[in-house]
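Since the structure comes first, as C-alpha cells, the remarks are kept for the end.
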Amino acid sequence: MIIESFQNEKIKTITKLLTDNRFRKKSGVFVVEGQQENARAQKYLFEAEEFFICENIFKGELPKEKIYYVSEKVYEKIAYRGSSEGIIGIYKAKEAALNTFKPKENSTVIIVEGVEKPGNLGAILRSCEAFGIDALIIADAKTDFYNPNVIRSSVGCLFGMDVFQAENQETLEFLKENNFNIYTTIMDETSEDLYKRDFTKRSAVLFGTEHSGLSDFWFGKGKNTLIPMSGSIDSLNLSNAVAITCYETLKQKKN
C-alpha cells in the first residue's frame, strides 16, 4: 500500500514535526531526511520508529524497521529539502544531562550562548565533529538541536557528537567543577590572540549570539580571546569563528 493522500494522519504528523518545535519536543521524536543522515543516526544508535520511502526515488538498502511507502507527491510535501533521496526516518530524541559528560584531561568543548539560527548551529556541529571537539554545549538555547535545519546543515554530524543544553549558571558551574580553562570571545583591552592560548589542556571556548555576542553573564568569567584579523572588518560569522577555533585546537593537539 502506498500513501497518496496529504490528509493521512502520519503525513500530517510528519509535517507538524518539521514545523512545530513545541510539538516535536512534546512528542519526543524528530525527522531525519536523506540517506547519509539516516545512516549516521543509525550508526550512532538513535532508535528509529518508522521510515517513509518513495520507491521511485530511493536507491539504497531498505531499513529493517517499519516502512511506509509514499507517492512522489506526498514525499515532496514531507521532504524538507524539497527533494532528496527518497527516505525519511522518525527517531526518538535523546536528552542527556550535562553532568553525564566526563571530560578527558585535554578535552576541548565549544559553548554557544543563545544561538538563534538553525543553519549556524548545524554548521557549528559540523566543524566540531570534523576537528575532534569533545562536546558542544548550547547555553540558554534559542534553537532546538533536533530542528530539521540543524540536522540538514550538520549533514547528520549531530548524531556523532556529545551535545548538551544547559543554562548559563549550570554551564559555568560545570566548567569550574571540572577545572576547565575558560576562554570568552569578548573584545576588550585584555584580549589575546587565539593562537597564543594553550588548547593542549582542558579548555572551553565560549561564543555569543550572532548579533550581540556573549551576554553580560560571562563578563569576567574567563580569559578574553580573539581571532586575529588583518582586514577592515572586526568580526566573523559565528559558524566561521567557531570553525577557525576548532581547527586551532586540533592543530595544537597534533603538534
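The values are calculated or read from the model by the stated rules, or taken from the named source; none is laboratory data. Values in this document were obtained by computation on a predicted structure and should not be read as measured data. Quick note on the areas: whole protein, heavy atoms, side chains included, nothing else; ligands and nucleic acids left out. Shrake-Rupley method; radii C 1.70, N 1.55, O 1.52, S 1.80 Å.
Observations
- Nearby aspartates and glutamates by direct alpha-carbon distance to residue 251 (threshold 20 angstrom, same-chain neighbours under 8 apart not counted): 105, 129, 134, 192, 193, 198
- GNM on the chain, alpha-carbon springs under 10 angstrom: the most fluctuating residue among 27, 212, 235 is 212.
- Per residue, in Å², the accessible surface of the chain once ligands and nucleic acids are set aside, probe 1.4 Å: 51 Å²
- GNM flexibility winner over the chain from 85, 173, 113 (Cα, springs under 10 Å): 173
- Heavy-atom accessible surface of the chain: percent carbon and sulfur, 1.4 Å: 47 percent
- Residues with amide H under 5 Å from that of residue 69, placed H, sequence gap 5 or more: 3, 53
- DSSP-defined beta bridges in the chain - what % are antiparallel, rounded to 5: 30 percent
- Entries in 43/221; 66/142; 26/176; 16/73; 94/253; 104/196 that, when Cα-Cα distance is taken, lie over 28 Å: 43/221; 66/142; 26/176; 94/253
- Shown in residue order for region 45-52 are the 3J(HN,Hα) couplings computed by the Karplus curve 6.51 cos²θ - 1.76 cosθ + 1.60 at θ = phi - 60°: 6, 6, 7, 7, 9, 6, 10, 10 Hz (x for Gly and Pro).
- Between 162, 140, 216, the GNM of the chain built on Cα springs shorter than 10 angstrom shows 216 fluctuating the most.
- Distance from the Cα centroid of region 1-65 to that of region 111-136 is 24 Å (rounded to whole angstrom).
- From the coordinates shown, Rg and Dmax of the Cα atoms in Å corresponds to which of (1) 18.8, 67; (2) 20.1, 67; (3) 16.2, 49: (2)
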